[in-house]
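Participant: I'd like to ask some things about the structure below.
Please treat every number below as a calculation from the coordinates, not as lab data. The structure presented is a predicted model; accordingly, all values stated were derived computationally and were not measured. Counting neighbours? That spans all protein chains shown, and the Cβs are built from the backbone with ideal geometry, glycine included.
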Amino acid sequence: MKPREGKRSRAAARERGRQAAAASTPEARVAVTFRHVEPTEAIKVYGERKLAHAAKHLRRACEIHLILTVDKYRQHGEVTVKSGRLAVTAQEETKDLYSVIDLLAAKVERQLRKHVEKKRASKVRSMSTGEVLSAVEQMPSPPRPRGA
């Protein structure tokens, strides 16, 4: 019979799992560049926080470069994510820098998710020689004709 666990031991186990998951997520270095606009700490922190979530889809540490530009009434942003050989870029333009950051984060996460799914789908393994031979041995032999 399984020993009973109390709430505290389950909570401690949950916390250990969270810490292990946090330790396994790769580090994301986010650099924010402002062009033709006064750099504010609020926008910088917002961009760093939104784009740091993109690292959860990757296995390696990554560098994320966010460039925010203002031209008259156009708020333009572009982001580049580099991790190993992978480089993902996205551009977006709206009337508000915060919405530019939101749209860029969504676009980059969508691209990274699609890349990971493609990689996972391409790793379909073919059967080994031993598996093929055992599958052939287990197949029932075709029935023989009666007249032969």
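Participant: So in the range 26-122, what percent of DSSP beta bridges are antiparallel if you round to the nearest 5?
Facilitator: So the antiparallel bridges amount to about 70 percent of the total.
Participant: With Rg and Dmax of the Cα atoms in Å as the read-out, I listed (i) 26.9, 91; (ii) 25.9, 93; (iii) 15.8, 59; which label goes with the value calculated from this structure?
Facilitator: (ii)
Participant: Would you be so kind as to identify which of Val32, Ser128, Ala11 lies farthest towards the positive end of the dipole of the chain, taking Lys and Arg as +1 and Asp and Glu as -1 on Cβ and the Cα centre as origin?
Facilitator: Ser128
Participant: With a 10 Å radius around each residue's Cβ, average the other Cβ atoms per peptide and rank 96-108, 71-83, 132-144, highest first.
Facilitator: 96-108, 71-83, 132-144
Participant: Another question about this same structure. Would you calculate the separation in nanometres between label points at Thr33 and Tyr73, each defined as 7 Å from the Cα along the Cα-to-beta-carbon direction?
Facilitator: Inter-label distance under the simple model: 2.8 nm.
Participant: Take the cross-link list Lys50/Lys119; Lys50/Lys114; Lys56/Lys114; Lys82/Lys107; Lys44/Lys119 and give me the ones stretching past 22 Å between alpha-carbons.
Facilitator: Beyond 22 Å between Cα atoms: Lys50/Lys119; Lys44/Lys119.
Participant: State the answer as a single residue: which of Tyr98, Ser83, Val45 lies farthest towards the positive end of the charge dipole of the chain, with beta carbon charges of +1 for Lys and Arg and -1 for Asp and Glu, about the Cα centre.
Facilitator: Toward the positive end, the furthest listed residue is Ser83.
Participant: Using the Karplus curve 6.51 cos²θ - 1.76 cosθ + 1.60 with θ = phi - 60°, work out ³J(HN,Hα) for each residue of the range 27-38 in order, rounded to whole Hz, and write x for Gly and Pro.
Facilitator: Result, ordered by residue: 7, 10, 9, 10, 10, 10, 10, 10, 10, 6, 8, 5 Hz.
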